[in-house]
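**Q** Have a look at this one.
The values are calculated or read from the model by the stated rules, or taken from the named source; none is laboratory data. Note that the structure is predicted; figures quoted are calculated from it, not measured. For neighbour counting, all protein chains shown are included, and Cβ atoms are generated from backbone atoms with ideal geometry for every residue, glycine included. Quick note on the areas: whole protein, heavy atoms, side chains included, nothing else; ligands and nucleic acids left out. Shrake-Rupley method; radii C 1.70, N 1.55, O 1.52, S 1.80 Å.
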Amino acid sequence: MHRTRIFGLAGLFAMLALVVAVTMSGGQAFAQSGGGLDPELRQQLEGGAVPGNAQGTNDISEQWRDIRRGVQGTVSIPDKKAGVLVQSEGENWRNVRNGPVSTYSVWVIAGMIILLAVFFLIRGRIRIDAGKAGVTINRFGFIERFGHWLLAVSFIVLALTGLNLLYGRYWLLPVIGPDAFGAITLGGKYLHNYLAFAFMLGLAMVTVMWIVHNLPSRHDLIWLAKGGGMFSKKSHPPAKKFNAGQKIIFWSVVLGGLSLSLSGWALLFPFEYPMFAKTFAIFNIFGTELPTSLTPIEEQQLAQLWHTIVAVVMVAIILAHIYIGTIGMEGAFDAMGSGDVDLNWAKEHHSIWVEEKMEGDGEHPETRPAPAE
């Protein structure tokens, strides 16, 4: 009796095992073959689709490709820019800023310094050929000099603080350490932001005061043909209040400063004043194919790159201007120092202006002695 129960229990377990095995194998075959599913639904499943016409595995790659390209999604928060999950152009901006912009900017500035040094070694300081006359003539009044120095000083500070943002972590940080560098950079940031308004005011002042004197004239062609007399002694082409070289500097500063101001304004007030898409649309009238659909972040990135490029070019131009106005030419600094220049200097470099001023003032400038040195 005991042996019969054992065989009976063993048979029962064997039957259960057989049922489980058949069920499992049948379930796998059912799942693989689609079982009793509708043939159309079975075909969708085999193709990777999801029931209910929802996007399945076939579209995931396209979705992520769009996200990688910076597609704009929908968010419930006020900042709609958060709808961009991945902004690929940020990597492009970083590579351009830290690559060609940083590299070529060094060569532009260094190249100008080297060029001025070579010119000084070859030509030396441009002297007053006739010697100092001992009397002066007024060249710039107080308001003119104030506007010039407001523009000049603000630009120098903006240039130094801007170059620190571009190169400081490579050149300055290893020398002074992170604490000092952090303090200098933070202070430079505030100076850069607020002195920008002084720069724009100075730019507006010199533009209004001097634009009439910087319009092209036939005398500019003669001046340019003779190189302004800068490459040979006793060669002084006629010029009015501003010669052709100074006019080139003037228009470079006005147009470059205006461009700097516009791009800087967009950076001071981010995402408020997009301008590149509209500018590109204007250029596309002439057959170009510049992008006219830019995200707010792309606008900021382009503004930063353009601001840097224009600023570096202006730094190089102003270096040449500073050179001529200081060590490059005898008597030139007095024009923006005291406002009075030596009469012989004025006759050699701005002869037409001297004649017009003498006739207009009704008095001979020789009657004004130069201050004792």
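**Q** Identify, please: which residue in region 276-296 is among the hydrophobic types (A, V, I, L, M, F, W, C) and open to solvent by 50 Å² or more (accessible area, probe 1.4 Å) and is, among those, farthest from VAL106 (Cα to Cα)?
**A** So the residue we want is ILE285.
**Q** Report, by residue number, each residue of region 62-96 that is open to solvent by 50 Å² or more (accessible area, probe 1.4 Å) and hydroxyl-bearing (Ser, Thr, Tyr).
**A** Within region 62-96, THR74, SER76 meet the criteria.
**Q** Being over 16 Å from ALA316 (Cα atoms), in a helix (DSSP H, G or I) and not β-branched (Val, Ile, Thr) is true for just one of GLY162, GLY131, GLY147. Which residue is that?
**A** The unique qualifying residue is GLY147.
**Q** Going through region 211-258 one residue at a time, which ones are assigned to a loop (DSSP other than H, G, I, E, B) and open to solvent by less than 70 Å² (accessible area, probe 1.4 Å)?
**A** SER217, MET230, SER232, SER235, HIS236, PRO237, PRO238, ALA239, LYS241, PHE242, ASN243
**Q** Identify the single condition in (1) modelled with pLDDT under 70; (2) assigned to a helix (DSSP H, G or I) that VAL108 does not satisfy, given that it satisfies every other one.
**A** (1)
**Q** In addition: Search region 101-124 for residues that are closer than 13 Å to MET230 by Cα and pair each with any residue that is in a helix (DSSP H, G or I) and open to solvent by 60 Å² or more (accessible area, probe 1.4 Å) when their beta-carbon atoms are under 8 Å apart and the residues are at least 6 apart or on different chains.
**A** Hits for this filter: PHE120/ILE327.
**Q** Another question, then. Look through region 334-362, keep the residues that are open to solvent by 20 Å² or more (accessible area, probe 1.4 Å) and small (Gly, Ala, Ser), and return whichever of them is nearest to SER102 (Cα to Cα).
**A** Taking the candidates together, the pick is GLY337.
**Q** Applying the selection to region 315-333, what residues are free of Cβ contacts under 8 Å to residues at least 40 places away in the same chain and open to solvent by less than 40 Å² (accessible area, probe 1.4 Å)?
**A** If the condition is that a residue be free of Cβ contacts under 8 Å to residues at least 40 places away in the same chain and open to solvent by less than 40 Å² (accessible area, probe 1.4 Å), then GLY325, ALA332 are the ones that fit.
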